[in-house]
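First the structure, in the form of structure tokens, and then the observations on it.
The values are calculated or read from the model by the stated rules, or taken from the named source; none is laboratory data. All figures in this text were calculated on a predicted structure; none of them were measured in a lab. Glycine also receives a Cβ, built like all others from the backbone with ideal geometry; neighbour counts cover every protein chain displayed. For accessibility, only protein heavy atoms count, side chains too; no ligands or nucleic acids. Shrake-Rupley method; radii C 1.70, N 1.55, O 1.52, S 1.80 Å.
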Amino acid sequence: MKSYREIFEAPKRFTSDKWDHYLDVYDRHFARFRTGKPLTYLEIGVQNGGSLCVAREYFGPSARIYGLDIDPNSKVAEEAGIANRVFLGSQSDEGFLDMVLAETGAPDIVVDDGSHNQADMVGTFLSVFPRMAPDGCYIVEDTHTIHFPSYQRSDTGLNVYDYFRALPDKLTLDFMVPDARRERFRTPPESRTGEIRTRNAMAHSIGSLHFYNSMIVVEKAPYREPWRRVL
């Protein structure tokens, strides 16, 4: 199969604007989805539709490819039969996002290449990530806008790195329970009773976080209590 880079660099119907190192990051995190089974891909910020062209070829004809943009011209990818649908609206509108997800179902992959405002990069993640498939992959692009004065709008006073840099700590909150740390986590999971819930719902669904130049990748995974095995 062709790599994401090979497909991106080949002639295609619509153009796409991506930083070169993104192409290898996509392959690293998207390859596991190339199983031939149906998947749902949602890109926020379609622009010319070129990345939807790449996604269509990369994931194949059974993939459900969706886009979201404020520009009516982005509908060309839908009209050309490349995207199943391109929704017109703002990612800042939570009601609009609810409508989009009601139609698409739980996305397997979400790429946020939208407004790049601090409020939207955090707010869209909080709205969409919990409703993704259990093993989904969420990418925030162009996070270097943290340095651009015109992209500083924030509803919480947090910028994109304030929020995402705090998430790794949340993954280890189970270890705050002393008895669990000493006894429960040394016991095989099938022999345990009850449950501990020290993490919030968001942290319970995060499998891993990856920070790249101008990109943040969050991969979902079903929650598993720690198990310290001695063999």
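Surface composition of the stretch 167-231: carbon and sulfur make up 52 percent of the accessible area, probe 1.4 Å. As a fraction of the 1.4 Å probe accessible area of the stretch 1-153, surface on carbon and sulfur atoms comes out at 53 percent. The helix-based estimate of mean residue ellipticity at 222 nm for the chain, built from -39,500 (n - 2.57) per DSSP H run of four or more residues and divided by its residue count, is -8000 deg cm²/dmol to the nearest 500. Pairs over the 28 Å Cα-Cα cut-off, from the set K18/K220; K12/K220; K12/K75; K2/K37; K37/K220; K2/K170: K12/K220; K2/K170. Segment E79..T156, full-extension length gain: 23.9 nm, with 0.36 nm per residue of separation and the alpha-carbon distance subtracted. Against the chain, whose longest principal axis comes from its Cα atoms, helix 50-59 is set at around 60 degrees. Entry comment: accessible area of the stretch 1-66 is 49 Å² per residue, from protein heavy atoms only and a probe of 1.4 Å. Residues within the reach of a label modelled at E103 (point 7 angstrom out along Cα to beta-carbon, backbone nitrogen below 17 Å), restricted to the stretch 25-44, are 40-44. Estimated at 0.36 nm per residue, the fully extended path between T193 and E225 surpasses their Cα-Cα distance by 10.3 nm. Checking (1) 1.10; (2) 1.15; (3) 1.29 against the coordinates, the calculated Cα Rg over 2.2 N^0.38 Å falls under label (1). Averaged per residue, the stretch 86-191 has 47 square angstrom of accessible surface, using a 1.4 angstrom probe with ligands and nucleic acids left out.
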